[in-house]
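What follows is one structure encoded as structure tokens, with my remarks underneath.
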Amino acid sequence: MSLTVVLAVGLDSRLLATHRALWTPAGFIVLSVVSIREAIDHFRVGDFDLVLLGHSMSRENKERLTFLIRASGSHTPVVSIADLSGDCDSFADATIANDSSALLTGMGQLLAKESQVRVGLTIAHGNAG
């Protein structure tokens, strides 16, 4: 089973413990940070498969962090946990309800889709020459 490394930003420790109970057996390793500065510091030196933005972060901070990740040239998928309004965050690759099972399923689907895109690009570039 392959491991998926997730940078979780702004998740409270109780909520993260609840999520980890389901995610760890499914192959997710989660590094939790509480600030944008800390997230950027870890992102620069780490190799993350996905960035997860907590529902307690303001929309502006989520958007700012996503912009900084994209400005670095990274295509790492960004998932925003929906706030109580349930509105979709257009800057993120996905917005998922704040539920451990829904997040696990949604993250898995997004990563599978990203993997298929990368395989398609590799094949297309391999056949171009």
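Every number in this text was worked out from the coordinates using simple rules, so none of it is lab data. Everything numeric here is computed off the predicted structure, so don't read it as measured data. Using ideal geometry, Cβ is built from the backbone for each residue, glycine included, and neighbour counts are taken over all protein chains shown.
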Order of H42, H75 - criterion: other Cβ atoms within 10 Å of each residue's Cβ, fewest first: H75, H42
Under 5 Å, built H, 5+ apart or other chain: amide partners of A94: V78, S80
Structure-based [θ]222 nm, the chain - -39500 (n - 2.57) summed over DSSP H runs of at least 4, per residue, nearest 500: -16000 deg cm²/dmol
Amide H contacts under 5 Å for S32, placed H, 5+ residues apart: A8
Test item: Cα-centred dipole of the chain, Lys/Arg +1 and Asp/Glu -1 on Cβ, debye: 180
³J(HN,Hα) computed for each position of region 62-74 - Karplus, 6.51 cos²θ - 1.76 cosθ + 1.60, integer Hz, glycine/proline x: 4, 5, 4, 5, 4, 4, 5, 5, 5, 5, 6, x, 7
Least to most buried among L50, L110, L68 (fewest other Cβ within 10 Å first): L68, L110, L50
Rg over Rh [alpha-carbon atoms, Kirkwood Rh] for the chain: 0.98
For the chain, built as a Gaussian network whose Cα springs stay under 10 Å, the top-fluctuating residue of V45, V33, V78: V45
Distance from region 1-23 to region 79-96 (C-alpha centre basis), Å: 17
